Amino acid sequence: MGLFGRRSDRTAEPEAGATPAPTPPAEDAAPGHGPWDASQVPGRGNRVDLGAIWLPGVHGMQVRMEIDKKTQAVTGASVMVDGSAIQIQAFAAPKTTGIWDEIREEIMASLQTQGAKVDDLPGPFGRELLAQAPGTTKEGEKVVRVLRFIGVDGPRWFLRGVITGKAATDMQAARVVEGIFSQVVVVRDDAPRAPREVLALTLPKAAPKTEASADPVPLTPDGTEPA
């Protein structure tokens, strides 16, 4: 199992980008994959209990919990493995309609105003966004950061993943983080919640803590940082 760490810094440093590889179409995905609702699985199995989500583990992965500076709530989990990273967050959603189509449009618009090139493409979980965002390193070097935004609408929840690093451009590397995302279980409580409200996570029990190195990305579902 991987190592867990805490970090509240939400400032992301750009990564050197590459020409994105094409994403496999949704029909190529193995049938019957998740993410799952807790009602759809017999139990937690070997997943780590993080409250609103149960997170599967793969060999060599590290997990950093994202902490909101203002509220100290745990708002997401970032998984790092083999040069790739995926940030996973769960949100409340309406009973009858999904929100990914709307959120995807908002993320695209937000990134485009920042000068990013964004494509809406088919992927293993349905429609997804592939973004090439310009940025500058601490040394002043101009770089392009490549990000993949994936999302799944569930029963009264929405799960979003943001993929960076090797998996954003390399299909083989992508299979690892896509596999993690596909086996996440969302535990939505019965409390009434506004659509898009973050389903707060909890820190894992009895897990070693270490400093993780990947940078988080914006923590709201529309791709912008909270006010």
Single condition residue 78 does not satisfy, out of (1) open to solvent by 20 Å² or more (accessible area, probe 1.4 Å); (2) part of a strand (DSSP E or B): (1)
Cβ pairs under 7 Å, 6+ apart, first in the range 24-46 and at pLDDT below 95, second open to solvent by 40 Å² or more (accessible area, probe 1.4 Å) and assigned to a helix (DSSP H, G or I): 24/171
Candidate set from the range 162-178 (those that are of a type in the set (Val, Ile, Thr) and under 12 Å from the mean Cα position of the chain (by Cα)); member that is farthest from residue 82 (Cα to Cα): 162
Qualifying residues in the range 156-172 (those that are more than 13 Å from residue 88 (Cβ to Cβ) and not hydrophobic (A, V, I, L, M, F, W, C)) - the one surrounded by the fewest Cβ atoms within 10 Å (Cβ to Cβ): 172
Residue match in the range 97-114 (condition: part of a strand (DSSP E or B) and either open to solvent by less than 30 Å² (accessible area, probe 1.4 Å) or hydroxyl-bearing (Ser, Thr, Tyr) (or both)): no
Single condition residue 83 does not satisfy, out of (1) surrounded by fewer than 19 Cβ atoms within 10 Å (Cβ to Cβ); (2) out of contact with any Gly (no Cβ under 6 Å at 6 or more places or on another chain); (3) within 16 Å of residue 165 (Cα to Cα); (4) not hydroxyl-bearing (Ser, Thr, Tyr): (2)
Residue count, the range 47-66 (criterion: touching a strand residue (DSSP E or B) at 6+ places or on another chain (Cβ under 7 Å) and surrounded by fewer than 20 Cβ atoms within 10 Å (Cβ to Cβ)): 7
Residue satisfying all of: in the range 173-192; at pLDDT 95 or above and surrounded by fewer than 17 Cβ atoms within 10 Å (Cβ to Cβ); nearest to residue 52 (Cα to Cα) among these: 179
Members of the range 131-155 that are open to solvent by 30 Å² or more (accessible area, probe 1.4 Å) and either without any contact (Cβ under 8 Å) to a residue 40 or more places away in the chain or assigned to a strand (DSSP E or B) (or both): 132, 134, 136, 139, 140, 141, 142, 144, 153
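The values are calculated or read from the model by the stated rules, or taken from the named source; none is laboratory data. Being a predicted model, the structure only gives us computed values, none of them experimental. Cβ: placed from backbone, ideal geometry, glycine included. Neighbour counts: every protein chain shown. Ligands, DNA and RNA are excluded from the accessible area calculation, which covers all protein heavy atoms including side chains. Shrake-Rupley method; radii C 1.70, N 1.55, O 1.52, S 1.80 Å.
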